[in-house]
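**Student:** Got a structure for you, written out below as structure tokens; questions coming shortly.
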Amino acid sequence: MADHPFTALTPTQAAVLQDVRYFGAVTARRLERDHAPRAEWDVLIRTRWLASHDSVHGELMALGPYARAQYAAQNVFAPYLAGPAAVVDRAYQNDALARLAADGYTMVAPVYKAATGITRATSRRRVTSQVLRHIMRAPNVQDLQLFSRTPPDERERVRGHPLLYATVSGGGISEQRLRRLLTVHDNDIQTYWRSPLLIAVPDLSAVRRVVREANAQQERAVDTHERTNPGQVGRLLRTLVQVIQVPHPDSPEGRYGDDGHSRAASDSRMQRE
């Protein structure tokens, strides 16, 4: 048994461990919902297969040192999230991806923080396990192979494949940061993606003013353009940024239903302020 520690796990424990390895970090509540009551896999924490982290996004599970050592011994990749900020952001990103999947979006590639400090969507550079953003495929994209046919260095600028930013560490996405993202990605949004930038926040009020201002300004610009260029009606993007609300599990807005999505988020759906 000592030579094959994975065989000592129950099927439920093995499934929980596999989920945490696959997702990188998961809320304890999600593991209980998807697998079994905590009592059936809590031993994984005591034996250091899993590491428990308290955060603004509830209790989170990431791989513990024993699990990473066992995966390394088998030459199996296992994410290493260095520090609580990386853990909480990964767990929050996973919840945001689940919300977007319910709205028809598909995650096609994460963008990792490179070990050198240089980021690439898909490259051969050595990277960390920290995900900075995700490349998504919008629901209306018909060509499902478009992304894979695009050269790796150009994959953050593919038609119908906007970026998702979802972080809560360090205060999350503030108005100031959203303004910077809209400036950085202005050409991407309107020329390459032809789809709005995606932002996930626990509280819509944190970015509501900037979202309203940016989208209202774009609406006015499009109206003016279409009045003077009637042949181009409907060709320009009217929404620059879409924000989804992904509440913290323990917040009043984040009481989870049986499907795992917060009722508040499900009721409000995609927010186009």
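**Student:** Give me the Kirkwood hydrodynamic radius of the chain, using the inverse of the mean 1/r over all pairs of distinct Cα atoms, in Å to one decimal.
**Tutor:** Taking the inverse mean of 1/r over all distinct Cα pairs, the chain comes out at 20.1 Å.
**Student:** If you don't mind, there's one more thing I want to ask. In the chain, if the dipole is taken from +1 on Lys/Arg beta carbons and -1 on Asp/Glu beta carbons about the Cα centre, which of 211, 164, 152 is farthest to the positive end?
**Tutor:** 152
**Student:** Rounded to two decimals, what ratio of Rg to Rh does region 1-157 give with C-alpha atoms and a Kirkwood Rh?
**Tutor:** Answer for region 1-157: 1.00.
**Student:** Take every Cα-Cα pair in region 5-80 and report what % of them are more than 22 Å apart.
**Tutor:** Looking at region 5-80, the distances longer than 22 Å represent 14 percent of pairs.
**Student:** Now, a different point. Per-residue counts of other Cβ atoms within 10 Å, averaged by peptide: what ranking do you get for 102-113, 235-246, highest first?
**Tutor:** Sorting 102-113, 235-246 by mean packing, highest first, produces 235-246, 102-113.
**Student:** Can you give the charge dipole size of region 7-63 about its Cα centre, rounded to the nearest 20 debye, using +1 on the beta carbon of Lys and Arg and -1 on the beta carbon of Asp and Glu?
**Tutor:** Dipole size: approximately 80 debye.
**Student:** At a 10 angstrom cut-off on C-beta neighbours, averaged per residue, how do the peptides 141-152, 70-81 rank from highest to lowest?
**Tutor:** Descending packing order for the listed peptides: 70-81, 141-152.
**Student:** For Cα pairs less than 8 Å apart in space and 6+ apart in sequence, what is the mean separation divided by the residue count of the chain, i.e. the relative contact order in percent?
**Tutor:** 13 percent
**Student:** Out of all DSSP beta bridges in the chain, what portion is antiparallel? Express it as a percent rounded to 5.
**Tutor:** Here the antiparallel bridges make up roughly 75 percent for the chain.
**Student:** Next question, about the same structure. What is the dipole size for the chain, taken about its Cα centre, with +1 at each Lys and Arg Cβ and -1 at each Asp and Glu Cβ, in debye to the nearest 20?
**Tutor:** That gives a dipole near 820 debye.
**Student:** State whether region 144-186 is rounded, prolate or oblate according to the following rule on the C-alpha gyration tensor (a ≥ b ≥ c being the square roots of its eigenvalues): a/c under 1.5 gives rounded; otherwise a/b larger than b/c gives prolate, and the remaining case gives oblate.
**Tutor:** Prolate is the answer for region 144-186, as a/c is 1.5 or above and a/b outweighs b/c.
Here, each number is a calculation from the coordinates, and none is a lab measurement. Every value quoted in this text rests on a predicted model; they were computed, and no experiment measured them. Every residue, glycine among them, receives a Cβ derived from its backbone with ideal geometry; neighbour counts consider all protein chains shown.
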